[in-house]
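No value in this document is a laboratory result; all are computed from the given coordinates. Keep in mind the model is a prediction, meaning the values are calculated, not measured. Cβ atoms come from the backbone with ideal geometry, glycine included; neighbour counts cover every protein chain shown.
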Amino acid sequence: MQPAKEVTKASDGSLLGDLGHTPLSKKEGIKWQRPRLSRQALMRCCLVKWILSSTAPQGSDSSDSELELSTVRHQPEGLDQLQAQTKFTKKELQSLYRGFKNECPTGLVDEDTFKLIYAQFFPQGDATTYAHFLFNAFDADGNGAIHFEDFVVGLSILLRGTVHEKLKWAFNLYDINKDGYITKEEMLAIMKSIYDMMGRHTYPILREDAPAEHVERFFQKMDRNQDGVVTIEEFLETCQKDENIMSSMQLFENVI
């Protein structure tokens, strides 16, 4: 597998809600920009960078300012259908497919591949657990492998989906056992995995009990009937009414 270029990222470590942490300053060598759903945002996505790393010509320098797309001879069946299902252009789908096939000749991505991807892009921390959770969120049918079609549909939601689509995807990520409810234990497991992955790129250094405090605040807002679990209805309704949560949804791409 061709190694992807290392990407240095900064994040407050959260996907939902503000933990009150600020990104590293520029003098520490980290450039922080508010994420935007654009071609630049697409190129900041770890999964897309990993795919396109195998399609870039030798010696080329892919930058965040543009998405280099190359014409490919082979294209997946139902390309028009995929274009209708996603918010990617035909050329973007062609380029993503070429890289996908180069990196995964079998046409499938397994969990070990996800772990390798995130180890490359987050070398400062331990991304193993988060990669496991993210893989399960993409693996909708739970068969242990992700087809190209499932892959790009998920990426389209995360990078260019509506607020409602992103929130539903986020709920699915947090709902680890896929029973239709988010528990405190599930939320805590996800939050800890993100902090472990970000490693030294959280600033100031997180207290050990910070993830648990975040989970408690989350449930105070979300668990309206105080039954100890959060349903999709509670999740969607509360998120869309909370300005801080809606703003932080744009941080998705920092850990995707």
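Numbers for the structure displayed
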{"item": "Spatial separation of Cα centroids for the range 97-129 and the range 215-231, in angstrom", "result": "34"}
{"item": "Estimated FRET transfer efficiency (Q85, K192; beta-carbon r; R0 25 Å; 0.05)", "result": "0.15"}
{"item": "Shape category assigned to the range 79-186 from the gyration tensor of Cα positions, a/c cut at 1.5", "result": "oblate"}
{"item": "Cα gyration tensor category, rounded, prolate or oblate, for the range 79-141 with a/c compared to 1.5", "result": "prolate"}
{"item": "Loop trypsin sites (Lys or Arg not before Pro), the range 133-229, which have at most 10 other Cβ atoms in a 10 Å radius of their Cβ (DSSP)", "result": "R207"}
